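Q: Following this message is one structure expressed as structure tokens.
The values are calculated or read from the model by the stated rules, or taken from the named source; none is laboratory data. Treat the numbers as computed from the prediction; the structure is a model and nothing was measured. Here Cβ is always computed from backbone atoms with ideal geometry, including for glycine, and neighbour counts include all displayed protein chains. Accessible surface areas use protein heavy atoms only, side chains included; no ligands, DNA or RNA. Shrake-Rupley method; radii C 1.70, N 1.55, O 1.52, S 1.80 Å.
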Amino acid sequence: MVSIKAPRGVRDILPEESWKWAFVLKTASEVAQDFNYKEVHLPIFEQTELFARGVGSTTDVVEKEMYIFEDRGGRSLTLRPELSASMVRSYLENRMDQRPQPVKLWSAGPMFRYERPQKGRYRQFWQLDFEAIGSQDPYVDVEVIALSVELFKRLGMRGLDVVINSVGCPVCRPVHKEALQKFLEPHLEELCPTCRSRYNRNPLRILDCKNPTCRAITENAPKTISYLCPECKEHFEGLKVGLDVLGLHYSIDNRLVRGLDYYTKTAYEVISGDLGAQNAVCGGGRYDNLAEAIGGKHTPGVGFAAGLERIVLTMEQQGCSFGKEPSLEVFVVALGDFERKEALKLMQEFRIEGISSDMDFNGKSFKGQMKLANQLGAACVCILGEEEIKAKKISIKDMVTGEQVEVPKEEAVTFIKKKLTE
Ligand code: HAM
């Protein structure tokens, strides 16, 4: 019994699962390469101000979900709740505006949000984040959506729906906001407490509240797309044209406003019926004013992030393949002091040749070592007994068929290699 447990809402990713993660990460890196996105590694913590200003002070993330701490120098730092603000910060700080535009970046790593844990929702979770910074062309939005769809397709995921919307920009949003508030005013008392508090601060979010009463009230509420300014309208049309050109199926969801303040124009999600309440496998959109919000010059951008845990969960539920599970190829059995030295050398030979191998390090008996080989799932066992060493031979046992043969020591690597490809 361990008395200290992992904090609430976080998980250990053990070997049984970590190889599946490696498969998803490898696939993401291949898709990134095909779409010409370059990988970056950004800090896990940033100045609190970055998220307060970038993500927006009226968002759930900033209001109640951030892990904020003061370092020993008295600075307020925050464990990153998402990556877009950091990506744009990095773009500005590293003068990436000097590079060919848009700059296309991706990254994978842990994010932190103090949320109520439930299936598919954790306090530390991984995101695969893709961002294209430095273009306002709607075809970049199309590319970002196409990239996410291609990623999920290569992972074998099925039954996913792409939902899109446009949330407008600072020109058209105030007009919509006013119309929305006017529409909601007579129903203010019926709204849930959260939505009531959002009425003045961020009424747009009332549209995506899951509470049935709020949903019923907002059923016929003014839609953002009915209020788009000519620029946003044209952009939304461009987005739809691009998606149609690629034959990417999508639906428009007028309630999709997303939970982060920086979105302008495009908002989108890919949702899975297999995930329950937390059904978004990925979410993203355009954030043309984020760079300015954090003190940089105007720089349009668009991207998405996908939750790694949710991808793996969906894949498991759908019985998708994660490729071949890595397994132990050779277990070397050796008993005496001299034999164990020979075993070390033999293992090194195997390992240099890319054959995975292992041995006992706990003084087990012959029987115990054979049992261990079995438990570790070794494909073959190499037995280095006194007799074998004297004769410069090795006994090799196939753990599936039980067949055992003796081969000259110097042929062991070639023999095993051949055997493993059979
Ligand atoms: P987000 O919708 O907050 O967007 O998160 C993106 C994805 O991260 C979600 O669709 C979900 O798969 C996963 N996710 C979020 N919260 C949790 C959680 N508590 N536990 C497990 N998975 C979670 C963003 O973060 C934006 N930065 C996305 C973006 C990039 N927009 C433009 N560029």
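Q: Of the residues in segment 201-215, how many are among the polar types (S, T, N, Q), within 15 Å of Thr59 (Cβ to Cβ) and free of Cβ contacts under 8 Å to residues at least 40 places away in the same chain?
A: Here the count works out to 0.
Q: Moving on. What number goes with the only condition from (1) more than 15 Å from the ligand (Cβ to nearest atom); (2) touching a residue at least 40 places away in the same chain (Cβ under 8 Å); (3) part of a helix (DSSP H, G or I) that His41 does not pass?
A: Evaluating His41 over (1) more than 15 Å from the ligand (Cβ to nearest atom); (2) touching a residue at least 40 places away in the same chain (Cβ under 8 Å); (3) part of a helix (DSSP H, G or I) leaves (3) as the failure.
Q: Determine the pairs where a residue that is within 11 Å of Ser166 (Cα to Cα), located within segment 221-241, has a partner that is hydroxyl-bearing (Ser, Thr, Tyr) with Cβ atoms under 7 Å apart, the partner being 6 or more residues away or on another chain.
A: If the second residue must be hydroxyl-bearing (Ser, Thr, Tyr), the pairs left are Thr224/Ser166; Ile225/Ser166; Leu228/Ser166; Cys232/Ser166; Phe236/Ser166; Leu239/Thr266.
Q: Let me ask another. Is it the case that segment 229-252 has a residue that's modelled with pLDDT under 95 and either of a type in the set (S, T, N, Q) or more than 25 Å from Trp126 (Cβ to Cβ) (or both)?
A: So far as segment 229-252 goes, no, none of its residues is modelled with pLDDT under 95 and either of a type in the set (S, T, N, Q) or more than 25 Å from Trp126 (Cβ to Cβ) (or both).
Q: Just to be sure before I move on: is Thr78 β-branched (Val, Ile, Thr), at pLDDT 95 or above and in a strand (DSSP E or B) in the structure I sent?
A: So Thr78 passes the test.
Q: Moving to a separate point now. Does any residue of segment 331-341 turn out to be surrounded by 13 or more Cβ atoms within 10 Å (Cβ to Cβ) and within 36 Å of the chain's Cα centre (by Cα)?
A: Checked segment 331-341: at least one residue is surrounded by 13 or more Cβ atoms within 10 Å (Cβ to Cβ) and within 36 Å of the chain's Cα centre (by Cα).
Q: Further question: For segment 411-421, which residues satisfy the criterion of being open to solvent by 50 Å² or more (accessible area, probe 1.4 Å) and in contact (Cβ under 8 Å) with a residue 12 or more places away in the chain?
A: Phe415, Lys417, Leu420
Q: For segment 14-37, indicate whether the set of residues that are open to solvent by less than 50 Å² (accessible area, probe 1.4 Å), part of a strand (DSSP E or B) and of a type in the set (Asp, Glu) is non-empty.
A: Among the residues of segment 14-37, not one is open to solvent by less than 50 Å² (accessible area, probe 1.4 Å), part of a strand (DSSP E or B) and of a type in the set (Asp, Glu), which makes the answer no.
Q: I would also like to ask the following. Kindly indicate which of Glu30, Glu17, Glu65, Glu49 is touching a residue at least 24 places away in the same chain (Cβ under 8 Å), farther than 19 Å from Ala293 by Cα, more than 16 Å from the ligand (Cβ to nearest atom) and among the acidic types (Asp, Glu).
A: On inspection, the qualifying residue turns out to be Glu30.
Q: Of (1) open to solvent by 20 Å² or more (accessible area, probe 1.4 Å); (2) at pLDDT 95 or above, Leu128 satisfies all except one. Which?
A: (1)
Q: Evaluate the following for Ile294: is it within 30 Å of Arg89 (Cβ to Cβ) and either touching a helix residue (DSSP H, G or I) at 6+ places or on another chain (Cβ under 8 Å) or hydroxyl-bearing (Ser, Thr, Tyr) (or both)?
A: yes
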